[in-house]
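The structure appears below as structure tokens.
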């Protein structure tokens, strides 16, 4: 099927998809090239093959594909006109709702995707502080497709060096590396932007009992007059209803959200303290203007209707508690299987149960894309798509049982490949490649 559809996709879409993480180079060769629909926790390819899915729309689907109450809520807003000449009641309700949920959110601007709001956050910080440098966390792979971030990666072709040099990097859980940046660039850093966590939690503060690395970052920012930005594109509405910032007891100056806000509908949000957000406003007479975000479709009523309904479901159905419970069973189950097979040092699940991650290593204990490809390929053979693990509310006990049963079979192959080499079991498949690489 890949041959049948892949050529058509690549002939009209650069990269064959509109997100690099959906590209052919991110999947083994037995993955479906194209999908026709999704329902609940399942997707179907164009030939009618059904797969249990853990990709979940690049983590944006947190309730389930095609969930009717959310689709109906979006449809009712579309029937109201979807995109009106002036601000709609729906966008007011949505802004008020988000501000009521996120304690650090005193104002909000909606947009369609994460890059828009992270770039807006950076612009706000520069306007607010009058400084130009941006500090980003080196271990966190993606913040925006805009030049200020992409220029700091190996895929920096097309970005002037003058822009690339304005982004500097520090290391997660190593506060001395951020202190070093402030020392090397006194009075120049406008903001620090980072995710609250990935697979690793912020470590406990060495100096302040009850606090963690995020609090240390915040203190450094405020000491040096920089804005502290938390990017909750992935963590938002998965760790806690009120954001991972609530889970980690931290209050950023600005935060950004997206992905799981609306069960796959295109909504992102820039939120923050009023004293910072307001400089993008129009009411202060004589103030110099800041062109923040101005998007025709940013407050589209259909997507905001989906957001409001998604929040209602999160509040009423214990969805986030389900993520933590299901994720723990999934992690414990796989790690138990790996231990029984004697490969627990070569394949294991880690991270937070609400957002698990798996690591694949070769016989020497080195992280291996070949073995990650092998595991993904074996799961696809068994009709499970697991490029990563994003949970939804429709992942239930039957899906867990199926995943662990098929996972055991896949790990039995993995064990043999550790002994005999992965090439025999990859059967000539392409090896998954990193998104961020200099050359194809």
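The values are calculated or read from the model by the stated rules, or taken from the named source; none is laboratory data. As the structure is a prediction and not an experimental result, all values here were calculated from the model. In this analysis, Cβ positions are derived from the backbone assuming ideal geometry, glycine residues included, and neighbour counts consider all displayed protein chains.
Yes/no matrix, rows are residues, columns are (1) over 20 Å from residue 31 (Cα atoms); (2) assigned to a helix (DSSP H, G or I):
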{"residue": "359", "(1), (2)": "no, no"}
{"residue": "373", "(1), (2)": "no, yes"}
{"residue": "402", "(1), (2)": "no, yes"}
{"residue": "408", "(1), (2)": "no, yes"}
{"residue": "425", "(1), (2)": "no, yes"}
{"residue": "437", "(1), (2)": "yes, no"}
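Given the criteria in the same structural domain as residue 259 (by TED's automatic domain parsing) and either surrounded by 16 or more Cβ atoms within 10 Å (Cβ to Cβ) or farther than 27 Å from residue 24 by Cα (or both), does residue 394 qualify? Let's see the steps before the verdict.
Numbers: in the same structural domain as residue 259 (by TED's automatic domain parsing): no; either surrounded by 16 or more Cβ atoms within 10 Å (Cβ to Cβ) or farther than 27 Å from residue 24 by Cα (or both): yes.
In short, no.
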Checklist entry - Can you tell me which residues in region 397-417 are touching a residue at least 60 places away in the same chain (Cβ under 8 Å) and either closer than 18 Å to residue 42 by Cβ or surrounded by fewer than 19 Cβ atoms within 10 Å (Cβ to Cβ) (or both)? => result 399, 400, 402, 403, 404, 407, 408, 412, 415
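Within region 83-105, how many residues are in a loop (DSSP other than H, G, I, E, B) and surrounded by fewer than 22 Cβ atoms within 10 Å (Cβ to Cβ)? Don't jump to the end; show me each part of the working.
Step one: filter region 83-105 for residues in a loop (DSSP other than H, G, I, E, B), giving 83-88, 102-105.
Filter once more, so that each one left must be surrounded by fewer than 22 Cβ atoms within 10 Å (Cβ to Cβ): 83-88, 103-104.
The qualifying residues number 8.
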Next on the checklist: Tell me yes or no: at least one residue of region 254-274 is more than 23 Å from residue 56 (Cα to Cα), touching a residue at least 24 places away in the same chain (Cβ under 8 Å), in a helix (DSSP H, G or I) and assigned by TED's automatic domain parsing to the domain that holds residue 129.
Outcome noted: yes
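Among 321, 300, 350, 315, which is more than 21 Å from residue 28 (Cβ to Cβ) and without any contact (Cβ under 8 Å) to a residue 60 or more places away in the chain? Before the answer, list the steps.
Values: 300 fails: without any contact (Cβ under 8 Å) to a residue 60 or more places away in the chain; 350 fails: without any contact (Cβ under 8 Å) to a residue 60 or more places away in the chain; 315 fails: without any contact (Cβ under 8 Å) to a residue 60 or more places away in the chain.
Checking each option against the conditions leaves just 321.
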Checklist entry - Looking only at helices (runs of 4 or more DSSP H) that fall completely inside region 106-187, which ones have 1 or more residues that are touching a strand residue (DSSP E or B) at 6+ places or on another chain (Cβ under 9 Å) and crowded, with 21+ Cβ neighbours inside 10 Å? => result 114-129, 147-150, 175-184
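Kindly indicate whether residue 320 is in a helix (DSSP H, G or I), in contact with a helix residue (DSSP H, G or I) (Cβ under 6 Å, 6 or more places away or on another chain) and buried (at least 17 other Cβ atoms within 10 Å of the Cβ).
no
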